[in-house]
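FYI, it's all coordinate maths here, none of it is from the lab. Predicted model, so just to flag it, every value in this text is computed and none were measured.
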Amino acid sequence: MIKREKVMYINLEGRENPFTIVIFQKYWNDFSYTEKRLVGKSVLVYGHLRKNEYQNKQISEIIIKSDKYLEIFKGKTLD
């Protein structure tokens, strides 16, 4: 989890399709997940998906506004 002045990034590195969750500062009060709660968990994320090029590398980003856009699956964690 990387928190800048006006935006927070959460990098999710799955086995097949890694992507970054983007949360803008005006929505931080509506987002309560911590890095500790997300590490090693399987999550479902709903939001606006976009492609972005960063350091000559294509990455996918998904923009969300609150906890309601992210759900942690209960049960088995990722290896």
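Structure data summary
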read-out	value
For the chain, the fraction of alpha-carbon pairs in successive 10 Å shells from zero, as %	17, 54, 26, 2
The chain, relative contact order [Cα under 8 Å, separation at least 6], %	30 percent
